[in-house]
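A short reminder: the numbers here are calculations on the coordinates, not readings from a lab. The model shown is predicted, which means the values in this text are computed figures rather than measured ones. Note: ideal-geometry Cβ built from the backbone for every residue, glycine included; neighbour counts use all protein chains shown.
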Ligand SMILES: [Zn+2]
């Protein structure tokens, strides 16, 4: 269901401040000791990490353009061993993506985070060392984004129920990735709930009617 313009603007008036990163990033107390500038940088990289999780096999070039300097350039061309010890080679970034998805789903537990930032590190470090000088620090940005989410794991929400994308939450109650997704999802939720209540009411009425009919039969005998 598409919300009409009036409903949309009514809601956005309330929701926009909640989704506006500058509002939250300025007003909320950071849970770690990072400066605001540093925190804003980490949030940007955490968002790059969320986008990396949803990346399709042919989306590498577009991702590189949008998040330049995040993950070493050479990483996209390095192959690692196949998962589960099978024969053959497998793109390193796809391995990293599936491992990261699991850790995200589990809420960034300490052991998994340690595994994540140390696993494949020989290949990753090789990719970082052999990437252009302008890329120096790109591997650190990736690893620091993971560590940031380890500290602020509440930000790594389940995928958006409306569009299915991973996202970084600005506050703990946020359920959707954006205002349009939130508006659409709430409309659908309300419509579903309305249907459910209607069904329950009808079922109760049917039961009451059947009971009345039974009683009537008894008294007329
Ligand atoms: Zn969404």
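How much length is gained on full extension from residue 199 to residue 213, taking 0.36 nm per residue of separation minus their Cα-Cα distance? If you can, show how the numbers build up before the last one.
Numbers: separation 14, 0.36 × 14 = 5.04 nm, distance 2.11 nm.
Fully extending the segment from residue 199 to residue 213 adds 2.9 nm.
Can you tell me the order of 38-49, 53-64 when each peptide is scored by its average per-residue count of other Cβ atoms within 10 angstrom, highest first?
With the highest mean Cβ count within 10 Å placed first, the list reads 38-49, 53-64.
Once you have a ≥ b ≥ c as the square roots of the Cα gyration tensor eigenvalues for the range 102-205, tell me rounded if a/c is under 1.5, and otherwise prolate or oblate according to whether a/b is larger than b/c.
prolate
Let me know the shape class of the range 22-169, please: from the alpha-carbon gyration tensor, a ≥ b ≥ c as square roots of the eigenvalues, rounded when a/c is under 1.5, otherwise prolate if a/b is greater than b/c, or oblate.
Prolate shape, in that a/c is at least 1.5 and a/b is the bigger ratio.
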